[in-house]
């Protein structure tokens, strides 16, 4: 049974402003102060990850105003308002507060005059302030929002961090995925998830994690449930890891063609991204754990610009070319001289 990712899980439709601010404070550790209408934040919802700076809208051009997005007011917008009279400020601010804006964030320690905050309170629009500079805050906020609205799916397998490379051990039920994962943990590598692996497409990368129910636990057939963190310690687990290679375990089939050189690369499409796929037939005595470690180290070599398969191919081409030019046809030793070592 070939590796077959499940259909994408329906993405979140919306998150509340209250949830967003709570997570930014607790998980991202950003200091955020409420300026107005915090009590309305539970009733205000955000439905997309993109952000917006309402400079043109404050100037009166609202034809293309994307009011449904989070609004960011930084130094430029604040100084634009500061150069106006109080009446003009009210008029300008009402250009944007007439719309159903979910939330406004003031960055770089900027604050709005009380008469503008009063307009926001009347409209029920929450306003929050942070001392982070605008570009930094928008980078963090956009990353968080993309994670919240990211496409996800679930796959069956064991996800491992092997020498820093995220390897998903896949294969049909009962073939020994969890046993391979447990052996890798015992050799010092780290478990991300067993049995059910959550994959999230974020910034054109697939991030993996366990489900809330199954994190740190493994099922070993014949033994039962094993708590990896309690047994091997915190060094044996990871909460998240980028998926870089899928290792599919298959039963040995003499009729099936198996890759011998590594020049032909298979891949599997997961959420629109092509992930390298290695088919590994299982035979008695084959050490899958060591092979998984070699796969990780080989991936690292390729990442740093060295492909063993291509290097071997070039060596063969060079030898064929040498023989075609009348060179010595006899096999040669790997070393010219044994230096007297006759042990």
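Helix 17-26 versus the longest principal axis of the chain: what angle, 0 to 90°, nearest 10, using Cα atoms?
60 degrees
Using a simple spin-label model with points 7 Å from Cα along the Cα→Cβ vector, what separation in nm is obtained for residue 320 and residue 33?
It is 7.3 nm.
How much length would be gained if the chain were fully extended between residue 239 and residue 196, taking 0.36 nm per residue of separation minus their Cα-Cα distance, in nm to one decimal?
Additional length available on full extension: 14.1 nm.
Cα convex hull of region 17-69: how many Å³ per residue?
Convex hull volume per residue, Cα atoms: 113 Å³.
Given points 7 Å out from each Cα along the Cα-Cβ axis, report the residue 221 to residue 19 separation in nanometres with one decimal.
With each label point 7 Å from Cα toward Cβ, the separation is 3.8 nm.
For residue 59 and residue 115, FRET efficiency with R0 = 22 Å and r from the beta-carbon atoms, rounded to 0.05? Before the final figure, lay out each step's value.
Details: r = 19 Å, r/R0 = 0.87.
Once rounded, the FRET efficiency stands at 0.70.
Please report the antiparallel percentage of the DSSP beta bridges confined to the chain, to the nearest 5. Walk me through the intermediate numbers first.
Details: 39 of 59 bridges.
So the antiparallel bridges in the chain amount to around 65 percent.
Of the labelled options (1) 21.8; (2) 17.2; (3) 28.6, which one gives mean projected area of the Cα convex hull in nm² as computed for this structure?
Comparing each candidate, only (3) matches the computed number.
Determine which residues of region 52-91 fall in the zone a paramagnetic label at residue 140 would reach in this model, i.e. backbone nitrogen under 16 Å from the point 7 Å along Cα→Cβ.
Only 72-74 fall inside the zone, counting backbone N under 16 Å.
Put a dot 7 Å past each Cα toward the Cβ at residue 204 and residue 82; how far apart are the dots in nm?
A separation of 3.9 nm, rounded to one decimal place.
Fewest to most neighbouring Cβ within 10 Å: what's the order for 128, 306?
Fewest-to-most Cβ neighbours within 10 Å comes out as 306, 128.
Give the residues of region 107-127 whose amide nitrogen is closer than 15 Å to a point set 7 Å from the Cα of residue 90 in the direction of its Cβ.
Hits in region 107-127 for residue 90 at 15 Å: 113-123.
Subtract the Cα-Cα distance of residue 301 and residue 11 from 0.36 nm times their separation in residues, and report this length gain in nm to one decimal.
So the extension gain works out to 100.8 nm.
Please give the calculated 222 nm ellipticity per residue for the chain, where each DSSP H segment of at least 4 residues contributes -39500 (n - 2.57) and the sum is spread over every residue; nearest 500 deg cm²/dmol? Before the final figure, lay out the partial values.
Details: 10 runs with 107 residues, N = 343.
Calculated at 222 nm, the ellipticity per residue is -9500 deg cm²/dmol.
Grab the Cα-Cα distance for residue 273 and residue 50, subtract it from 0.36 nm times how many residues apart they are, and report the gain in nm with one decimal.
Values: separation 223, 0.36 × 223 = 80.28 nm, distance 2.20 nm.
Going from the current span to full extension adds 78.1 nm.
Here, each number is a calculation from the coordinates, and none is a lab measurement. What you see is a predicted model, and the numbers here were worked out from it, not measured in a lab. Ideal geometry is used to build each Cβ from the backbone, glycine not excepted, and the neighbour counts take in all protein chains shown.
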